[in-house]
Structure formats: structure tokens, C-alpha cells
1. Can you work out the Karplus-derived ³J(HN,Hα) for every residue in the stretch 163-173? Use 6.51 cos²θ - 1.76 cosθ + 1.60 with θ = phi - 60°, whole Hz, and x for glycine or proline.
2. Sort 92-98, 74-80 by packing, meaning the average of other beta carbons within 10 Å per residue, with the highest value first.
3. Enumerate the calculated ³J(HN,Hα) couplings along the stretch 146-152 in order (Karplus 6.51 cos²θ - 1.76 cosθ + 1.60, θ = phi - 60°), each rounded to whole Hz, writing x wherever the residue is Gly or Pro.
4. Near residue 116, within a Cβ-to-Cβ distance under 12 Å, what is the net charge of the other residues, with Lys and Arg +1 and Asp and Glu -1?
5. Would you mind ranking 156, 194, 211 by Cβ crowding within 10 Å, fewest neighbours first?
6. Calculate, in nm to one decimal, what residue 157 and residue 197 gain on full extension: separation in residues at 0.36 nm each, minus their alpha carbon distance.
7. Once you list every other residue whose beta carbon is under 12 Å from the beta carbon of residue 159, what net charge do they have if Lys and Arg are +1 and Asp and Glu are -1?
8. Kindly write out, for the stretch 62-67 in residue order, the coupling ³J(HN,Hα) from the Karplus curve 6.51 cos²θ - 1.76 cosθ + 1.60 (θ = phi - 60°), rounded to whole Hz, with x marking Gly and Pro.
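Every number in this text was worked out from the coordinates using simple rules, so none of it is lab data. In this text, all values refer to a predicted model and were calculated from it rather than measured experimentally. With ideal geometry, Cβ positions are generated from the backbone for all residues, glycine too; neighbour counts draw on all protein chains shown.
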Amino acid sequence: MVDVFDEVEEELRKERYMQLLRKWGPWVAGAAVLVIAGVAGHEGWRAWQANQAAEASTQFAEARELELAGNTEAARAAYDALVQEGPRGYATLALLHQAALASEAGEAEEAARLYEQAAQRSPVALIRDLARYQAALSGFDTLSSDDLRLRLDPLITGGSSFALLARELVGAAALRDERWEEARRQYEFIQLSIDASEGLRLRARDALSVIAQSAPPEIAEEVLPEPEAMPDAPAIAADEAPILPEEDSGQ
């Protein structure tokens, strides 16, 4: 009976981790908004030199106002006009906003398609990597762990700023598909990486805990143990306090 309860607990823990990943993923795009805006501004400046940016800037501002007002369909149409006719910087930004709207509407497949287009359109490596990561995240529920690894491997092996996040997504897909060795390898890499954020390390630790409890013994035994907390310094009893030499009074 105890084994049944342990199994149910681990399944719930695994599901909570997957839910956290799905909630946290879109935040990456939100956190990168300033970077994207800066890149788009730079691309817009180059386009302005070609007498195109003024019109594109106005179109984008109007599309953004429609989006903020909740007029989703009109905003999508306005963004699409930028995608078709705008300079590359604004077209990329419009595609990212279209993809975010599709994701919010629960259209995961459409969101993934739009993110892929943004990755192909953007002339900036950072934005391409962001769009590729978001495309993989949008397709997480339908892509196999092999497909996800194939899509994200350029980020992992190419020194991308999204390399560790890509590793986490590959590890999550392997965990979902019970490919324990692959999942363990990805999460241990994250846990040992000096570049991983504290939040990323905590999620990796939780995933490794699931693996240690659920994987076959030959895999579970290889999971790195959690780092132990440093023990508190023992208190010094009054009768054990060191005796300090008396100060020389000079007399």
C-alpha cells in the first residue's frame, strides 16, 4: 500500500513540475521584451535610413494599441500587414506578437509556426534563438523528445544565451517520455552549471528528485545527491571559552 501512495505522490510531483514549466515558459518571452524592443529599434533605425521606418513605426504602434485594447483580431491583421510589408526588424517583432496572441488563445500549433517564421526572419542571433526556443516550448505537448532535441540542439551546442533553458526543455521532454538517462544527464548538467540561475537549479533539483524516485534502480542510483547544507558552528559553552592573556598595564 505504501508503494502505491509513493507512486501517486511522484506522479503528482511530476505533473506539478510540468505545469510550472508551462507557466514559466511564456515569462521568458515577456522578460525579453526590452531586448526585443531594443533590437527592433535598431533595425527600425536602419530601415528609417532607407525611408521605411517612420511608416512601420506608426503601423506597429497602432497594432500594439489594438492589442492592449483587447481587439485581438484587428491587432492580428495589423501585425500581419507589418509581416508582409514592413522592414525585417518590425516584421520580426510583429511575428513575435502574433505568436504570443496565438499562444494566449490556446493555438499552440499556430504559435509554434509563427515563432519559427520569426526565427527565420530575424537578422539578429539573440532574437532567432528566443524565437526557436519559444517555438519548441509551444510545441512541447505534441513533439517527441527526439524532435525537441533536434530543434534545440543548435541552441545547446552553439553557445546561445538560451542554452540552459533549452537543456531544461529537452530534459522535461525526456522526463515526460520516461527517458530517464537523457533526463538525468540534462538536469545534472544544469545543476552543476555555474551559469544557471537559482530558480533553474531548483527546478533541476526537483526534476532529479523525481528521477531518483521513479526511474529504474540502475538510473536512480546514478543521480547526484543534493548538496548538503553546511552544519552550524557548535556553540561554545561558558566553561570551554578560551582564556585570553591579560593586557600588560605597563607597571
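1. So the Karplus estimates, Gly and Pro as x, are 4, 5, 5, 5, 4, 4, 5, 5, x, 5, 5 Hz.
2. Ranking, from highest mean packing down: 92-98, 74-80.
3. Result, ordered by residue: 5, 5, 4, 4, 4, 6, 9 Hz.
4. Neighbour charge sum, excluding residue 116 itself: +3.
5. If I rank by nearby Cβ atoms, fewest first, I get 194, 156, 211.
6. 12.5 nm
7. -2
8. 5, 5, 5, 4, 5, 5
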